[in-house]
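Colleague: Before I ask anything, here is the structure I am working with.
Rule-based calculations on the coordinates, nothing more; no lab input. All figures in this text were calculated on a predicted structure; none of them were measured in a lab. When we count neighbours, we look across all protein chains shown, and the Cβ atoms used for this are built from the backbone with ideal geometry, even at glycine.
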Amino acid sequence: MKGRSATFDSRVDAVRRDLADVRLADRVFAPHYAAPMPRSLATAADLRASAAADSEVLTSLNAGDVFEVLELAGNRAWGVAPATGIVGYIPAAALTDAQ
C-alpha cells in the first residue's frame, strides 16, 4: 500500500481492527470484511459506542427502523443505522429477521 493512512471516524465508518464494512474495502485494509445484512428492529433500542451495556448511547432507534448488521456476537449486533449513518452496537434481541 502506498500513500498516507486514511483517518476513520468510528461513529460513521464501520471499521474495527478485526472487521470492516465491505463497502469500505477500497479505502481500508482489514483482516475481514462483512456485507451488511439489513434487519428491522422489533423493539426500540439504544445504539451504543461499544458492546458494553453501559457504554455511551449514540442515538436511539425505533421499532421498525432498519439496522445493517455487520456482526452478531453473543447478545450484541454491530453495524450501521442507515437512517443516521451512525455505527454502533445494539442488543441482538431487538432485531427481527430479514426486512
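Colleague: About the Cα centre, and with charges only on the beta carbon of Lys, Arg (+1) and Asp, Glu (-1), how big is the dipole of the chain? Nearest 20 debye, please.
Modeller: 360 debye
Colleague: Describe numerically, in nm with one decimal, the distance between label points set 7 Å from Cα along Cα→Cβ at Val66 and at Ser40.
Modeller: Calculated label separation equals 1.2 nm.
Colleague: OK, next. Taking K and R as +1 and D and E as -1, what net charge do the other residues with C-beta under 13 Å from the C-beta of Pro82 add up to? Display every interim value, and only then the final one.
Modeller: Numbers: positive: Arg23, Arg39; negative: Asp21, Asp65, Glu68.
In short, -1.
Colleague: In Å and from the alpha-carbon atoms only, list the Rg and Dmax of the chain.
Modeller: 13.4, 45
Colleague: Full-extension gain between Thr59 and Ala6, please, as 0.36 nm times their residue separation minus the C-alpha to C-alpha distance.
Modeller: Details: separation 53, 0.36 × 53 = 19.08 nm, distance 2.57 nm.
That works out to 16.5 nm of additional length.
Colleague: Of Val28, Thr96, Ala51, which is farthest on the positive side of the dipole of the chain, counting Cα position, with +1 on Lys and Arg Cβ, -1 on Asp and Glu Cβ, and the Cα centre as origin?
Modeller: Comparing the listed Cα positions along the dipole, Val28 ranks first.
Colleague: Which FRET efficiency, nearest 0.05, do Asp26 and Ala73 yield, Cβ-Cβ r, R0 25 Å?
Modeller: Efficiency, rounded to the nearest 0.05: 0.45.
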